[in-house]
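> One structure, pasted below without further comment.
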Amino acid sequence: MSTTAPDLSPLRRAAAWKTPELIFWLLPIAAYFLFPKSLSLLSQMAITALFALSLDLILGYAGIVSLGHAAFFGLGAYAAGFLAKYGYGDPLLGLAVGALVAAIVGYITSFLVLRGSDLTRLMVTLGVAMMLYEAANKLTEFTGGVDGLQGVEMHQVIGLFGFDLYGKTAYWYSIGVLFVLFCLARRVVNSPFGLSLRGIKQNVRRMPAIGAPVNGRLTAVYTLGAAYAGIAGALLTQTTQFVSLDVLSFPRSAELMLMLVLGGSGRLYGALIGTMVFMVAHHYLSDLNPQYWQFWLGAVLVLVVLFARDGVMGLAQKMIKAGKS
Amino acid sequence: MQLKMKVAAAAFALLASVAAQAADLKIGVIVPMTGPFASHGKQIMNGVKLYLAQNGDTIAGRKVQLIVKDDSPGTAGDASKRRAQELVIQDNVDILAGFSLTPEAFAVAPVATEAKKPMVVMNAATSAITTKSNYIVRTSMTLPQVTAPIASWAAKNGIKKVFTIVADYGPGHDAEGQFKKTFTAAGGEIVGEVRVPVGNPDFAPYLQKVKDTKPDAVFLFVPNGEMGIAFMKGFQERGLAQAGIKLIATGDLLDEDVLDAIGDPALGVINSFHYSQAHKSPENETFTAAYLKAYPKDRPNFMAVGGYDGMRLIAEALKKTGGNADADKFIEAVKGMKWVSPRGPVTIDAATRDIVQTVYIRKVEKVGNKLQNVEFDQVPEFKDPGKQ
Amino acid sequence: MTIIFDGLAAGMLLFLISVGLSVTLGLMNFVNLAHGAFAMLGGYVCALLLARAGVPFLLAAPAGAIVAALAGVVLERTLYRRLYGASHLDQVLFSIGINFMAISAAHYFFGAQQQAIVLPDFLRGQIKLPGLDVGVYRLFLIVIGLTLALGLQWLVGSTRFGAQLRAAVDNPRAARGLGINVERIFTLTFALGSGLAGLGGALGIEMLGLDPSFPLKYIVSFLIVVAVGGSGNIKGSLIASLMLGLFDVAGKYYLPQAGAFVIYVVMVVMLIARPQGLFGRSAAK
């Protein structure tokens, strides 16, 4: 009996880098020179994009809807915050610990989340996040409660670059982390593991028949998504040197979902582009009209749904297809 | 020759200083304008704009330009900090102002220090805020400052046993602590305490507990808005007042913005605070008349006064420095500054850069057909006890 | 005893504000997170009629419901209809967008402050029975809630309209083939859902307050009820609301330190025990 190795060439083809992607990744470099005064916004965009990416892994690729993803973001943020407050201010160490803490909680809670329908999953994830929020709120002595955690003192990144008012270090640091983790996510989704996730999303019942352990896979990807969110949270803490209770809040989870769906879930670039579109729109609208900008943001969302199903990325793809034919 | 040079140099210096002063004075205001705290932003901006409308928008030869940034929800420090960085880097503002909630002020404090910009806190009330940067000055109040007087008043006026109910978040914990400290030091007894989740709409179980405990009074601290309204309505519905239980509180619960929404259940509640629309003084009469004329839909409250006085402080400080908004000079100029605000006489404590003011004990009554906080007792020149 | 009564009343309030969502989400399978926006509309109509026009509360509250229902019809005809076939995520995005617009509009027209409402005298105060203090307004809520629950149960379960609705949802194509006007049924059902939301908003002002942030502030409460009750199930929503109300009130009375945890713990435990909700129809969406 000889077993042949499975043919992985389609995956390899999908995994190859394409030109538009390379151009896309030149954008952050261009942005640095074009908008040198907006680096704090740009770094927060990068961080939120990473956060959206983490949701995309579980929602877009594995089909687990979550309204409580801020739980992991917040855990990472507080973990990094406490670490830095008590003297361990090395940024990379903070990221690692943030990822670890979030991953552990993600692993444990994954068993609660895997049961039930979409609505049940939404509410269980939300419940877990709200409990963490309440816990952080109650432990005012440690977390600062709603006033926020202060005294987050960061060391220099790899011992060289200190965080500055203009946010240069914060920018390159966030973009760098985003890029590395994006490449990793890209590998994951284009691996046999990623393929099996998509299979589960499309048809849960058939997957065990071809020998894929559904729950094991889902637990794994949920844990991975949690770790990513933890890193994003840790990044936010480090670049702003402050942790507000808001990192665990429901609006943060809900807004994240909006960004992802806006960009187009199930595509890694959908997470990035959705975040960019949402945050840029939010930023400019709220500057133009600080009091009623929400109206216009709402209008944008409604229009996108009516005229661009599958989000911005879906629209782009359709236009490219239309252009080709 | 030498004289000529000197004259030229002097003329040049004069020109330069004129040029510098002619530049607009940019004030970046960070407040929540949308979301659950939208009314804070509205009131603060009403106050700021009213001052400029009354006194002209040119200060020490510089035209004032307000740049308002919405950092809603106001509780997310990252958003507030980013707004502050943008104001400093992109808009090149001279002064940072606003700050309705404590996390906003805490998150922005390092920016003020690093960028060397004066930071005028117009509402946020946690005691420690002014210690977070040497460039912070506050024109509102601190929570211990308005909490301690009601505790002393209660102890002096025959209230022996108090049940405390506070919202379960930082400021609530602070108010609970301060009340307990002052009240027990004056010989009172705390017979029960609960912390209520923020946003909790139903006070029935807590009120029932109070009723079963039978204290002399309930001390209440919750964020102003629907929680206070729900509490007052429940308090009345359950007939706690008839059972001989008094309600005492800090005045933010009964501020003019929510007083009408609470309605008659607020009648008779005794509270301590630094500003009331019904404060009797010529300054306040002018202020309220102008306010009601400019914003007929709203009623002036303490946040509006915080914004109004904050703007006044900026104007007075710049007059002293000749239009120079350098942070060190600005802060030197505000230290010890005294003026008569619509709320009464106030001073900026030179040591803490925090406000010293009269705290009034008031009772909600009907004045004409409007509910008002009528002042009947006061603690003059009261410093923040949280810093002692 | 009083605690049980208060718990029931709190639960009934939850039921009133979320039953409309149970109708749209459960019966029509549309994730309408703008439910709170319709509730807010009903609330504002009621509050303004009371305060400015002096309309009695018992008329103003149904007026709120009617206006919300009409708004529901208009929006259903123009916008919602296009999204019946869309994915749930698109529906979420869309309805949150509607929420944002509603919040800003309310802010623009009515200001950011809380709205005042004064209940008529006969709905205020307490009736004292031995061992039990009955809040009149709470009793009123319980009565309205029960009436509505029975009425809806009858409407969906025992009338021709209900049968048509269930057929239209389960299999629109077959229903159309049987000569059922599916579009009209959906419009009516949507109007019913929004009207119930409006009524809930109007009746809820007294206890929940009313300001422009209402649609997002209570979204979590709506969702909890619907998820625990099993969507589309009136009886389930009712029982879930009552259980949540009881647990919450009792938890706050006997264990105040636990605070807001109680309701979330109860929800998660219930959902883990019965992932489809108390009376959920099995996995079919």
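Readers should treat all values here as calculations from the given coordinates under stated rules, not as data from a laboratory. Bear in mind the structure is a predicted one, so any value in this text is a computation, not a measurement. Note that we place each Cβ from the backbone using ideal geometry, even for glycine, and neighbour counts take in every protein chain shown.
> For region B:315-365, what is the number of Lys pairs with C-alpha distance below 27 angstrom, counting only pairs 8 or more positions apart or on separate chains?
Pairs that pass both the separation and distance tests number 7.
> Using a/c under 1.5 as the rounded threshold, could you call the protein assembly as shown rounded, prolate or oblate? The axes a ≥ b ≥ c are square roots of the C-alpha gyration tensor eigenvalues, and prolate needs a/b larger than b/c, oblate otherwise.
Oblate, because a/c is 1.5 or more while a/b does not exceed b/c.
> Then there's this: When only C-alpha pairs under 8 Å and at least 6 residues apart count, what is the relative contact order of chain C, in percent?
After rounding, I find 38 percent.
> Further question on the same structure: Which of rounded, prolate or oblate describes chain A when judged by the alpha-carbon gyration tensor and an a/c cut-off of 1.5?
Taking the square roots of the gyration eigenvalues as a ≥ b ≥ c, chain A is rounded.
> Could you please report the charge total around residue B:28, scoring K, R as +1 and D, E as -1 over all other residues with beta-carbon less than 10 angstrom from its beta-carbon?
For residues surrounding residue B:28, the net value is +1.
> Here is a further query. Among the DSSP beta bridges whose two residues both lie in the protein assembly as shown, what percent are antiparallel, rounded to the nearest 5?
Bridges in the protein assembly as shown are about 45 percent antiparallel.
> Along the charge dipole of region B:44-182, which of B:125, B:87, B:75 sits closest to the positive end, that is, farthest toward it, with unit charges on the beta carbon of Lys, Arg, Asp and Glu (+1, +1, -1, -1)?
Highest projection toward the positive end goes to B:125.
> How much net charge surrounds residue A:65 when only other residues with a Cβ under 9 Å from its Cβ are counted (Lys, Arg +1; Asp, Glu -1)?
Net local charge, residue A:65 excluded: 0.
> Roughly how big is region C:2-273's charge dipole about its Cα centre, with Cβ charges of +1 (Lys, Arg) and -1 (Asp, Glu), in debye to the nearest 20?
About 540 debye.
> Would you mind counting up the charge near residue C:262? Only other residues with Cβ under 14 Å from its Cβ, with Lys and Arg at +1 and Asp and Glu at -1.
Residues close to residue C:262 contribute a combined charge of -1.
> Treating cross-link reach as a plain straight distance, find the lysines whose alpha-carbon is under 17 Å from the alpha-carbon of residue A:18, omitting any fewer than eight places away in the same chain.
The qualifying lysines are A:321.
> OK, next. When the dipole is taken about the Cα centre of chain A, and only Lys, Arg (+1) and Asp, Glu (-1) are charged at their Cβ, what size is it in debye, to the nearest 20?
Approximately 1400 debye in magnitude.
> Still on this structure, I have one more. Quick one: what are the phi-derived ³J(HN,Hα) couplings along region C:190-206, Karplus 6.51/-1.76/1.60 with θ = phi - 60°, whole Hz, x for glycine and proline?
Result, rounded to whole Hz: 5, 4, 4, x, 5, x, 4, 4, x, 5, x, x, 5, 6, x, 3, 3.
> Another question, then. Sorted by mean Cβ packing within 10 Å, highest first, what order do the peptides B:80-86, C:262-268 take?
Most protected by this proxy first, the peptides run B:80-86, C:262-268.
> Highest GNM mean-square fluctuation, chain B, Cα pairs closer than 10 Å: which of B:192, B:170, B:234?
Checking each option, the largest mean-square fluctuation is seen for B:170.
> Let me ask something else. Less than 26 Å apart at the alpha-carbon level, and either on another chain or at least 8 residues along: which lysines does that give for residue A:37?
Within reach: A:168, B:26, B:63, B:69, B:81, B:116, B:117, B:132.
> Something else about it: Roughly what % antiparallel, to the nearest 5, for the DSSP beta bridges in chain B?
About 40 percent, rounded to the nearest 5.
> Let me ask something else. Could you pull out every one of the lysines with an alpha carbon less than 18 Å from that of residue B:161, ignoring same-chain neighbours closer than 8 positions?
Excluding near neighbours in sequence, the set is B:180, B:181, B:209, B:211, B:214, B:246.
> Just name one of C:225, C:11, C:195: the one whose Cα is farthest towards the positive end of the charge dipole of region C:2-273 (beta-carbon charges, Lys/Arg +1, Asp/Glu -1).
Among C:225, C:11, C:195, the one farthest towards the positive end of the dipole of region C:2-273 is C:195.
> Per-residue counts of other Cβ atoms within 10 Å, averaged by peptide: what ranking do you get for A:272-283, C:178-189, highest first?
Listed from highest to lowest mean packing, they are A:272-283, C:178-189.
> May I pose another question? Using the charge dipole of the protein assembly as shown (Lys, Arg: +1 at Cβ; Asp, Glu: -1 at Cβ; taken about the Cα centre), state which of C:186, B:38, A:175 has its Cα farthest towards the positive end.
Going by the Cα projections, it comes out as C:186.
> Magnitude of the Cβ-charge dipole of the protein assembly as shown, K/R +1 and D/E -1, about the Cα centre, nearest 20 debye?
Roughly 2140 debye, rounded to the nearest 20.
> Can you list the residues, at least 5 places off or on another chain, whose amide H is less than 5 Å from the amide H of residue A:243, using H built in the peptide plane?
A:149
> Now for a different question. If you count, for every residue in A:30-39, the Cβ atoms of partner chains within 10 Å of its Cβ, what is the mean?
Averaged over the peptide's residues, the number is 2.
> While we're on this one: From other protein chains only, count the Cβ atoms within 10 Å of every residue's Cβ in A:279-289, then give the mean.
2
> Using a Gaussian network model of chain B whose springs link C-alpha atoms within less than 10 Å, name the residue from B:198, B:269, B:374 with the highest mean-square fluctuation.
For chain B, modelled as a Gaussian network with Cα springs under 10 Å, the answer is B:198.
> Right, next: Show me A:203-210, A:28-35, B:50-57 ranked by packing, highest mean number of other Cβ atoms within 10 Å first.
Packing proxy ranking, top to bottom: B:50-57, A:28-35, A:203-210.
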